[in-house]
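The values are calculated or read from the model by the stated rules, or taken from the named source; none is laboratory data. Just so it is clear, the model here is predicted, and its values are computed rather than measured. So basically every Cβ, Gly included, is an ideal-geometry build from the backbone, and we count neighbours across all protein chains shown.
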Amino acid sequence: MVGIIALVAFLFLVIGVLFYFVSIYNGLIRISRNIDKSWANIDVLLKQRHDEIPKLVKVCEGYMQYERDTLEKITAARTACLGAKSVGESAKAEGELSKMLKTLFAVAENYPDLKANQNFMQLQQRISYLENQIADRRELYNDSVNIYNIRIHQIPDMFVAQMLQMKSRELFKITEEERGDVDIKFDLPK
Amino acid sequence: MSKSDDVVWALVICGFGVWSFFWGFKRLRRKRLIENIPTSTIRGLALGLVELVAKAQKIKTLKSPLTGTECVFYRYTVERYESRGRSGRWVVTAKGDSFSCPFWLDDGTGRIMLLPAGAELMLPVDYEFRTGWGKTLSPHLTTFMEKNYIRYRGLFGTHTLRFREWYIQPNQSMYVLGTAKKTHNFLDDHREKLMGRLRELKKNPAKMKEVDLNKDGAISVEEWDFAVEKVERELIEEELASGKPDEATDVVIGKGQVEKIFILSDQSQKELTKKLSWQAMTGVFGGAILALIMLGYLLFRIKVFGF
């Protein structure tokens, strides 16, 4: 009788351990896929922002003939963003672009005609909203990466992660340029 | 009690233990899912399974039926205690909810509509009242029972009743784990309504006569275009009068087709995971122990007394 009970108890233990590890495995896979999805969701917004930039540059060109340098830098930053391959590269390029856009909007304050332009106002609003959305999604992406990085270093998830050769993922960090103040220089003729 | 009643009970409890064991794992899986999904903002929301922490806001004012509390969502049950020998059980005599009434979620970055249909509620009971010695039904409960034709008086006074109500009040902070999905947008709705009205128009001979402007008995392309334009203009006027179409209604939170999980709670994530942890532990260990004890009893019973 004791033998049967011990056997059933052992069975419960085996099933329990199996279920536990399956739940850990599924959990890790889900987080890993969520990170990919979060990154893809940022990409969707970045693409939308990139699509708005040529329109913005075009509107500004008519008014800001003395800010050619700023506009060219924005176009160059956009091109760099499109060419970025890794998370780190992308973060750096996007940071640079965000900074350039902030500079442009700040410099635009000096051009009342441009500020009053309906198209410019709409584009500015749209890009600012997209920037906020990107920031939110970036935060979500970093949260997902953080959860994942913690999980794969915690016991017992660590054992499953090692078996699957799961490595720490890269955070979408804010670059030094983005952290700094916006550099405003007016290139008006002296 | 017949001779083999205890065997039946032992089998039932053993089965319940095994069920609890697996149920515990389900709770564990749920706990891990909640922990593994980061909280999103409504502004940065993407389609798919999302976790939100936001304040509930009404689309239309609801009053909870038992207490008359102003809320965005409610659920209630009225149960009657039925005695069976020395034991008894609560039997539901009336229940209701507002699962079909959507409400807004607002987290400060944006607003989104929530369709509560199909949600698993993790709400503590907000109101509970039992009749008994010295406890009589309050006027609003009596009114509720009479309005719903529920018998509550027996030969010896009021039945033993239990009233329970759960609700989410406006501006209450909520935890939501559900699917963000596209719904019919304004243009689709508009197009559908327009097609419906044109179909109605075609079915109505009197109105079709009005469409025939030159009264030649046939409707020309120009006459029909004019009629469509008129119907659409009336529809737009109605739509504008009923309120501005909201962009936010394009995406809603609800139960997904792929991800079936949909949790609504007025507790924090920490409280929820703590609760689920306890449920998982109790289910897995309690279930296994219970099943083993009952198995032991059954084996002992068979060995000593036979079947």
Inset, instruction - Working only within the stretch B:106-155, note down all residues that are of a type in the set (Asp, Glu) and assigned to a strand (DSSP E or B). - result: B:ASP106, B:GLU120, B:GLU128
Legend entry - Residues satisfying the stated conditions in the stretch A:30-41, i.e. of a type outside the set (Gly, Ala, Ser), at the interface with chain B (Cβ under 9 Å from one of its Cβ atoms) and touching a Phe, Trp or Tyr at 6+ places or on another chain (Cβ under 7 Å): A:ILE31
Inset, instruction - For the stretch B:21-57, enumerate the residues that are under 15 Å from B:GLU271 (Cα atoms) and either without any contact (Cβ under 8 Å) to a residue 24 or more places away in the chain or within 7 Å of chain A (Cβ to nearest Cβ) (or both). - result: B:LEU28, B:ARG32
Inset, instruction - Return the total of residues in the stretch B:71-105 being among the small types (Gly, Ala, Ser) and outside any strand (DSSP E or B). - result: 3
Inset, instruction - Hey, can you tell me all the residues within the stretch A:115-163 that are modelled with pLDDT of 85 or more and away from chain B (no Cβ under 13 Å)? - result: A:HIS153, A:ILE155, A:MET158, A:PHE159, A:ALA161, A:GLN162, A:MET163
Inset, instruction - Tell me, please, whether a residue that is in contact with a Ser or Thr (Cβ under 6 Å, 6 or more places away or on another chain) and either surrounded by 15 or more Cβ atoms within 10 Å (Cβ to Cβ) or of a type outside the set (A, V, I, L, M) (or both) can be found in the stretch A:122-129. - result: no
Inset, instruction - Working carefully through the options B:LEU105, B:LEU137, find the one that is over 30 Å from B:GLU271 (Cβ atoms), buried (at least 17 other Cβ atoms within 10 Å of the Cβ) and of a type in the set (A, V, I, L, M, F, W, C). - result: B:LEU137
Inset, instruction - Using the structure shown, decide if B:THR61 is buried (at least 20 other Cβ atoms within 10 Å of the Cβ) and either touching a residue at least 60 places away in the same chain (Cβ under 8 Å) or closer than 20 Å to B:PRO170 by Cβ (or both). - result: no
Inset, instruction - Could you grab the pairs with beta carbons closer than 7 Å, sequence gap of 6+ or different chains, first residue in the stretch A:121-148 and touching a residue at least 40 places away in the same chain (Cβ under 8 Å) and closer than 14 Å to A:TRP39 by Cβ, second one assigned to a helix (DSSP H, G or I) and among the hydroxyl-bearing types (Ser, Thr, Tyr)? - result: A:ARG137/A:SER38; A:LEU140/A:SER38; A:TYR141/A:SER38; A:SER144/A:SER38; A:TYR148/A:SER32
Inset, instruction - Identify, by number, the condition in (1) within 14 Å of chain B (Cβ to nearest Cβ); (2) surrounded by 15 or more Cβ atoms within 10 Å (Cβ to Cβ) that A:GLU94 doesn't meet. - result: (1)
Legend entry - Some residue of the stretch B:2-23 being buried (at least 17 other Cβ atoms within 10 Å of the Cβ), among the polar types (S, T, N, Q) and part of a strand (DSSP E or B): no
Inset, instruction - Give the number of residues within the stretch A:98-120 that are in contact (Cβ under 8 Å) with a residue 60 or more places away in the chain and buried (at least 18 other Cβ atoms within 10 Å of the Cβ). - result: 5
Inset, instruction - Kindly indicate which of A:GLY16, A:GLY27 is within 12 Å of chain B (Cβ to nearest Cβ), surrounded by 15 or more Cβ atoms within 10 Å (Cβ to Cβ), farther than 29 Å from A:LEU171 by Cα and of a type in the set (Gly, Ala, Ser). - result: A:GLY16
Legend entry - Residue, farthest from B:MET122 (Cα to Cα), within the stretch B:24-45, restricted to residues that are more than 20 Å from the chain's Cα centre (by Cα) and charged (D, E, K, R): B:ARG43
Inset, instruction - Give me a count of the residues in the stretch B:1-29 that are touching a helix residue (DSSP H, G or I) at 6+ places or on another chain (Cβ under 6 Å) and within 27 Å of B:LYS275 (Cβ to Cβ). - result: 12
Inset, instruction - Could you grab me the full set of residues in the stretch B:270-307 that are assigned to a helix (DSSP H, G or I), at pLDDT below 90 and away from chain A (no Cβ under 12 Å)? - result: B:PHE305
Inset, instruction - Pull up the stretch A:63-92, narrow it to residues that are among the small types (Gly, Ala, Ser) and touching a Ser or Thr at 6+ places or on another chain (Cβ under 7 Å), then point me to the one that is farthest from A:PRO112 (Cα to Cα). - result: A:ALA84
Legend entry - the stretch B:61-115, residues that are of a type in the set (Ser, Thr, Tyr), out of contact with any Asp or Glu (no Cβ under 7 Å at 6 or more places or on another chain) and more than 26 Å from B:LYS182 (Cβ to Cβ): B:THR69, B:THR77, B:TYR81, B:SER83, B:SER87
Legend entry - Matching residues, the stretch A:130-171, being surrounded by 16 or more Cβ atoms within 10 Å (Cβ to Cβ) and under 19 Å from A:TYR25 (Cα atoms): A:SER144, A:VAL145, A:ILE147, A:TYR148, A:ASN149, A:ARG151, A:ILE152, A:ASP157, A:VAL160, A:ALA161, A:MET166, A:ARG169
Legend entry - Flag for B:GLU51 being of a type in the set (Asp, Glu), surrounded by fewer than 17 Cβ atoms within 10 Å (Cβ to Cβ), assigned by TED's automatic domain parsing to the domain that holds B:GLU271 and part of a strand (DSSP E or B): no
